[in-house]
């Protein structure tokens, strides 16, 4: 049996009178991307720092790559913090060579990987520039290279697309997918819900230190399924039982169901109706952004 990449059980951390993390549990498998979500102050950064052994929890258990954190395991982890921290007066090439060797690469291996990755992210021509001379987007890509140069098994990334245009965002996405497909486990913390919906198989939503939503995106969406149906059909829609409201838009219909009417019951009624041919029947999905606002806002109230 293959060990999980990460297992967190009943994790808690208190600063003075502030409960930063409160009885948090979750897992991360190899070859998956988990979205770590929450408003500012939710406890995400504290959780990440405990996983990385930067700070110690008050209680709970963390298993990283099969067991307790060790110095050897730190070389198998890549971390891209929200606050960037490369050495401003060093050149990009020297910085990456230094950091690659800190992670256990030989100078020759580090040099080979740096050449490949800088070409991938279109920074090869900037290799002799000092870090302080890089634009914000270039600096973001440089930091990503630094975090993943050693091909880590566990990757923790905080706002990986900050400062990137759409072309470079797609570039970093493809590199992340490549890491995932090679078996790396990835935690992605971001406020960009559309990126989470596209990239993550599961999510963990935190608020005030506690886990408030956790599971696959499909399961989470099912918890917040709406009673709104979009239908394309030929035929008459008048006097349809169980429907509170019908609106028409570009030849399709949006139906608001009564609370006790399940969508499959409506579909049966439409299919069995004389003179009606159903071409499309789809339950309107709530966006992850709407779910976030609903859950966090409700708890704040």
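The numbers here are math on the coordinates, done by the rules we state, and not lab data. Note that this is a predicted model, so its numbers are computed, not measured. Counting neighbours? That spans all protein chains shown, and the Cβs are built from the backbone with ideal geometry, glycine included.
Shape class of region 57-209 from the alpha-carbon gyration tensor: oblate, with a/c at 1.5 or above and b/c at least as large as a/b. On full extension, the segment bounded by residue 250 and residue 94 gains 50.3 nm, given 0.36 nm per residue less the C-alpha separation.
Using C-alpha pairs under 8 Å with a sequence gap of at least 6, the mean separation divided by the residue count of region 213-272 gives a relative contact order of 31 percent. Based on the Cβ-Cβ distance of residue 63 and residue 83, what FRET efficiency does E = 1/(1 + (r/R0)^6) give at R0 = 35 Å, to the nearest 0.05? About 0.85, to the nearest 0.05.
Each residue, residue 22 and residue 232, gets one label point 7 Å from its Cα in the Cβ direction; the gap between the two is 4.7 nm.
Relative to the dominant Cα principal axis of the chain, helix 166-181 is inclined by about 80°. Taking every C-alpha pair closer than 8 Å and separated by at least 6 residues, the mean separation divided by the residue count of region 105-235 gives a relative contact order of 17 percent.
Extension gain for the segment residue 75 to residue 218, taken as residue separation times 0.36 nm less the Cα-Cα distance, is 48.1 nm to one decimal. Taken along the Cα-to-beta-carbon direction at a fixed 7 Å, the label points for residue 197 and residue 289 span 0.8 nm.
Roughly speaking, what is the centre-to-centre gap between region 40-91 and region 107-132 when only Cα atoms are used, to the nearest Å? Region 40-91 and region 107-132 have Cα centres separated by 25 Å. Taking the longest Cα principal axis of the chain as reference, the axis of helix 288-300 is set at about 90 degrees.
Ordering 277, 14 by the number of other Cβ atoms within 10 Å of each residue's own Cβ, fewest first, gives 277, 14. Once the Cα atoms are used to define both axes, helix 92-102 deviates from the longest principal axis of the chain by about 90 degrees. Relative contact order for the chain: 21 percent, from Cα pairs under 8 Å spaced at least 6 residues apart, divided by residue count. Modelled this way, with points 7 Å down the Cα-to-C-beta line, the labels at residue 55 and residue 101 are 3.4 nm from one another. If you take the square roots of the eigenvalues of the alpha-carbon gyration tensor of the chain and sort them as a ≥ b ≥ c, do you get rounded (a/c under 1.5), prolate (a/b over b/c) or oblate? In terms of gyration-tensor shape, prolate.
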